[in-house]
Amino acid sequence: MKSAIIVFPGTNRERDMAIALERASGRKPAMVFHLQDALPPGTDLVVLPGGFSHGDYLRCGAMAAQSPIMRAVRDFAERGGLVLGVCNGFQILTEAGLLPGALLRNATLRFLSMDCHMRVERADTPFTSHWQKGAVFRSPMAHGDGNYFCDDETLARLNGEGLVAFRYATPEGSITPAANRNGARDNIAGILSPTLRICGLMPHPEDLVDPLMGGTDGLPLFTSLLDSLASA
Amino acid sequence: MRARVTIMPKTGVLDPQGKAIGHALGSLGFAGVGEVRAGKVIELELSEADPAKARAVAEEMARRLLANTVIESFKVELA
Amino acid sequence: MRARVTIMPKTGVLDPQGKAIGHALGSLGFAGVGEVRAGKVIELELSEADPAKARAVAEEMARRLLANTVIESFKVELA
Amino acid sequence: MQLLPAERAAQLSAEFGLKQDEYARVLSILGRSPSLTELGIFSVMWSEHCSYKSSRHWLKMLPTKAPWVIHGPGENAGVIDIGDGLAAIFKMESHNHPSFIEPYQGAATGVGGILRDVFTMGARPIANLNALRFGSPDAPRMKRVIDGVVRGIGGYGNCVGVPTVGGEVNFHPAYNGNPLVNAMTVGIAPRDRIFLSAAAGLGNPVVYVGSKTGRDGIHGATMASTEFSADSEEKRPTVQIGDPFTEKLLIEACLELMATDMIVAIQDMGAAGLTSSSVEMAGKGGVGIELVMDNVPQREEGMTAYEMMLSESQERMLMILKPGREAEAEAIFQKWELDFAVIGHLTDTGRIVIRHKGEIEADIPLAPLESEAPLYQRPTVETPKQPVLDAATIADPLGALPALEKLLGSLDLCSRRWIWDQYDSTVGGQTVKRPGGADAAVVKLEGLDRALAMTTDCTPRYCQADPEAGGAQAVAEAWRNLTAVGALPLAITDNMNFGNPEKPEIMGQFAAAVRGMAAACLALDFPVVSGNVSLYNETQGRGILPTPAIGGVGVLEDARQAVGLALRPELDVVLVGET
Ligand SMILES: Nc1ncnc2c1ncn2[C@@H]1O[C@H](COP(=O)(O)OP(=O)(O)O)[C@@H](O)[C@H]1O
């Protein structure tokens, strides 16, 4: 796995992400600054990490989506490269049009920092193969704008084509309004592109990959990616 | 030329902020408040002096950056 | 009656958001952008039909809740 | 230089908060009438906030030394050796008055300020904590204050990406008109790469970095040194706005610059901005400094030298570079899209000289500005001892179970989850014990087994009843909370929040609290390495409860040994100590 983490001004979870990737793969990811216009040669995974790119001013991810490096990320995705966006990274992917929909202010109008549970909606993707379909895992989340929104047509397509990767659930796996703290449509926590090569999600599995920090529930995301790249 | 870009949530898009404001106004005792929508306004000082061109520039700015047309609509006014 | 309350940072008060937007427009290649200020707009549906009264109500709402007059100024328009 | 006419100068000096005899000292130092800029510089440097004129005498009683203390009070933050070649750098600071005027921005800029105190010494901030005191939630405006303060702390800390891992909150009507917002930052640096503020090197460039200067918060430091009155509404335009995004860039840029050998000295521009940073840096280094205001990056048009010297615009730093390295340094700040300007140089005159538009606006000898700063040994009155209640003679008014329910539902004991649910406590990926998880927060050091434990503590009720015992208790509680997670307690920072020091009973509280703290620190081998004093916390003559907030830091050699609160079913409960 030769991963590249994109660092925008205001990105702040790049080190968390690097730790998780290294833990899964034994290899340090490259840090790529937003002003660069190319990815390191041989990159096979691009990660847009969490944070407040450009302060989250105007709209979360809006300015980062216009960064020079995003052209390279787009080309990379078009060639079938694997792209993961977490939290602010998910917001950037929607703002860049690489994933559909948008992330609105949390319905509570408050920043939400707590553990949540997510149900894995399909296990046959490069991001989820180390889980069973229907598995539930715990993950920290920390965002002010994680309320996934898309129009009815898009929602029907996401549901119909199985492009929802993760939904907020109770620890037992029920999809309830109470489990959906930020008010996302249909409890959507993470989605996939039609190619299944791009994934965006709001919570932070990268912050739960070590028993010392409370568990390893988030680790399968990264071992799945490693596996899919090793077998590719 | 000064341009003002007003950006509002599209109808049909949830506006939790507008809803919360409506609720808060009610608890402050303001009666007769119907729908409340919360949006953004961005005021730009443009060196462009021609109104038609300034409007076109501001509209392009709105489309490319200031508004996200998945969830928002915008309007440009010149002053 | 519809009222629109526009809330802007007071002159002299730092507007980090406006600053960042101005910067981003520059990097997108828009030239000739001077000062950028970012504010909020709140549209209210009021049952009050009398324009003078509606304006007075909206102004009170702005003072008491919508604007933070320590750092923001506001303007009410009726439509 | 344009000097103020004698009468005008005397009148302005009073408006700026200088006492008559203090102003007389200004005249004798200068040997003439001051200019407006000079008067501004004297008034902020001699304000309670910058000069510690009422508290310094007492603070000297606190133990500040131990083999593991690298820098005690006097630097931007305290520095201790934590092993593995690393140092922990930490401090706590108040933003009480600004947080009452504009809760969100007041609290946010409080967090921003304390972060800068820590990263200016070369540390990467790894955790934030806070200590909050609010009035009764039913008091006028208080709900808005509580909500705004909590949002402001979260808004700033979450955006800069430093986890907020702990804190404490109390409610009492004494804080109705004067809430307390104390913020603490803990950072980590290699122990042999600590950056200090003493300027050195004749001719070396004085460099300004960060955000532009506006008219924000002019006279904020003097505001923090006078009692609040109903007309504080009038002081509103002094509110500063925080820009955590710029702060995040400033952290990254400064740490990148600090990895080189270009910096001679560096200090953040905190309260009283350019004035205190330049005066203190030059004063500590025993050199002179000359600044050209025309080169200061300005956000607003037509700013005067007086306004620029007193502005409290946020997210700015001042540093002395080695000669000839300006271009290299500038490239780093350009990369992070921050302003960078050479605004002056060091001289051998021992004076601070301010130029603007070809005029000299100030010319003050630095030594007397410091050595003749007012220092008060204000009269004290001891707090009367309270009678000891005999528990046996008091009837049980409720019964054990209802009493327990009432206690659990009380404001001071009920769950704080609604607060820490708004703070990002996991960013950085090293948080071993989050809020609610243990008696102290535990944050691991990236790549090592070692972890730091940290806590903030004070029980104002105790301090009101017996300031000496309360001060000792706050230190002891911090020590207990650290040991309870398995850490070795190392040192504390403090934030002394008290009322009007000109009242002997308040000064008596202060002196007694310091005595109690000193005794506990000595007994526990737990020195004070940094701190902050906030006086004049009164509204219309009514003081707050004496609140010496303590921030404690300890070390765990192995993070895996951290102990939390959660009881597991198979375990026994053992009570240690006398009840
Ligand atoms: N203002 C705050 N910010 C962050 N965490 C807080 C705050 N207030 C309380 N907490 C957290 O809530 C928990 C309980 O607080 P408290 O009742 O003060 O605990 P203790 O009495 O054990 O010190 C602790 O983990 C503490 O860090």
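Summary of values
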read-out	value
Filter result (touching a Gly at 6+ places or on another chain (Cβ under 8 Å), farther than 20 Å from D:A127 by Cα and within 16 Å of the ligand (Cβ to nearest atom)) within region D:157-198	D:F171, D:H172, D:Y175, D:P179
Counted residues, region A:163-182 - those being more than 23 Å from A:L48 (Cβ to Cβ) and not acidic (D, E)	11
Residue under evaluation D:V296, criteria (1) touching a His at 6+ places or on another chain (Cβ under 7 Å); (2) under 30 Å from A:N12 (Cβ atoms), criterion not met	(1)
Residue check, D:A472 over 19 Å from A:S113 (Cβ atoms), crowded, with 22+ Cβ neighbours inside 10 Å and not β-branched (V, I, T)	yes
Filtered residues of region C:3-32 (kept if more than 9 Å from chain B (Cβ to nearest Cβ), touching a helix residue (DSSP H, G or I) at 6+ places or on another chain (Cβ under 9 Å) and more than 20 Å from D:K248 (Cβ to Cβ))	C:A3, C:V5, C:P9, C:K10, C:G12, C:V13
Yes/no for D:F42 being under 22 Å from D:Q377 (Cβ atoms), touching a helix residue (DSSP H, G or I) at 6+ places or on another chain (Cβ under 7 Å) and crowded, with 20+ Cβ neighbours inside 10 Å	yes
D:Q377 vs. criteria under 24 Å from the mean Cα position of the chain (by Cα), within 16 Å of the ligand (Cβ to nearest atom), farther than 30 Å from D:I80 by Cβ and not hydroxyl-bearing (S, T, Y)	no
Among (1) surrounded by fewer than 22 Cβ atoms within 10 Å (Cβ to Cβ); (2) within 14 Å of chain A (Cβ to nearest Cβ); (3) away from the ligand (no atom under 16 Å from the Cβ); (4) of a type in the set (A, V, I, L, M, F, W, C), the one test that D:A559 misses	(1)
Looking only at region D:244-272, and only at residues there that are within 18 Å of the chain's Cα centre (by Cα) and part of a loop (DSSP other than H, G, I, E, B), the one that is nearest to the other protein chains (Cβ to nearest Cβ)	D:M269
Tally, over region A:118-150, of residues that are over 14 Å from the mean Cα position of the chain (by Cα), within 15 Å of A:A169 (Cβ to Cβ) and within 14 Å of another protein chain (Cβ to nearest Cβ)	1
Filter result (in a loop (DSSP other than H, G, I, E, B), facing another protein chain (nearest Cβ under 8 Å) and of a type in the set (G, A, S)) within region A:93-112	A:G101, A:A107
Condition broken by A:V83, with the remaining ones in (1) under 15 Å from the mean Cα position of the chain (by Cα); (2) over 22 Å from A:S139 (Cα atoms); (3) hydrophobic (A, V, I, L, M, F, W, C) satisfied	(2)
Unmet criterion (only one of (1) within 13 Å of chain A (Cβ to nearest Cβ); (2) away from the ligand (no atom under 14 Å from the Cβ); (3) of a type in the set (V, I, T)) for D:T120	(1)
Pick from region D:194-212, criterion out of contact with any helix residue (DSSP H, G or I) (no Cβ under 7 Å at 6 or more places or on another chain) and not aliphatic (A, V, I, L, M), ranking: surrounded by the fewest Cβ atoms within 10 Å (Cβ to Cβ)	D:G203
Flag if B:L44 is within 10 Å of chain C (Cβ to nearest Cβ), touching a helix residue (DSSP H, G or I) at 6+ places or on another chain (Cβ under 7 Å) and in a helix (DSSP H, G or I)	no
Qualifying residue in region A:28-36 (condition: part of a helix (DSSP H, G or I), buried (at least 17 other Cβ atoms within 10 Å of the Cβ), out of contact with any Cys (no Cβ under 8 Å at 6 or more places or on another chain) and modelled with pLDDT of 95 or more)	no
Checklist (1) in a loop (DSSP other than H, G, I, E, B); (2) touching a residue at least 40 places away in the same chain (Cβ under 8 Å); (3) of a type outside the set (K, R) applied to A:S228, failing item	(1)
Filter pass, D:D147 being within 14 Å of the ligand (Cβ to nearest atom) and among the acidic types (D, E)	yes
Evaluation of A:N182 against (1) in contact with a helix residue (DSSP H, G or I) (Cβ under 8 Å, 6 or more places away or on another chain); (2) buried (at least 24 other Cβ atoms within 10 Å of the Cβ) (one fails), failing number	(1)
Top-ranked residue in region A:37-55 [being touching a Cys at 6+ places or on another chain (Cβ under 7 Å) and of a type outside the set (A, V, I, L, M, F, W, C); ranked as surrounded by the fewest Cβ atoms within 10 Å (Cβ to Cβ)]	A:G55
So A:G85, is it of a type in the set (G, A, S), touching a residue at least 60 places away in the same chain (Cβ under 8 Å) and either away from chain D (no Cβ under 14 Å) or part of a loop (DSSP other than H, G, I, E, B) (or both)	yes
Lone unmet requirement of (1) in contact with a helix residue (DSSP H, G or I) (Cβ under 6 Å, 6 or more places away or on another chain); (2) within 11 Å of the ligand (Cβ to nearest atom) for D:A131	(1)
Qualifying residue in region D:331-349 (condition: under 23 Å from D:L39 (Cβ atoms), polar (S, T, N, Q) and surrounded by 19 or more Cβ atoms within 10 Å (Cβ to Cβ))	no
Qualifying residue in region D:86-106 (condition: away from chain C (no Cβ under 14 Å), more than 16 Å from the ligand (Cβ to nearest atom) and surrounded by fewer than 24 Cβ atoms within 10 Å (Cβ to Cβ))	yes
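Table: residues versus (1) touching a Pro at 6+ places or on another chain (Cβ under 8 Å); (2) within 23 Å of D:D117 (Cα to Cα); (3) assigned to a helix (DSSP H, G or I).
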position: D:S313; (1), (2), (3): no, yes, no
position: D:M319; (1), (2), (3): no, yes, no
position: D:G324; (1), (2), (3): no, no, no
position: D:E328; (1), (2), (3): no, no, yes
position: D:A331; (1), (2), (3): no, no, yes
position: D:Q334; (1), (2), (3): no, yes, yes
position: D:E337; (1), (2), (3): yes, yes, no
position: D:V342; (1), (2), (3): yes, yes, no
position: D:R355; (1), (2), (3): no, no, no
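The values are calculated or read from the model by the stated rules, or taken from the named source; none is laboratory data. Values in this document were obtained by computation on a predicted structure and should not be read as measured data. Note that we place each Cβ from the backbone using ideal geometry, even for glycine, and neighbour counts take in every protein chain shown.
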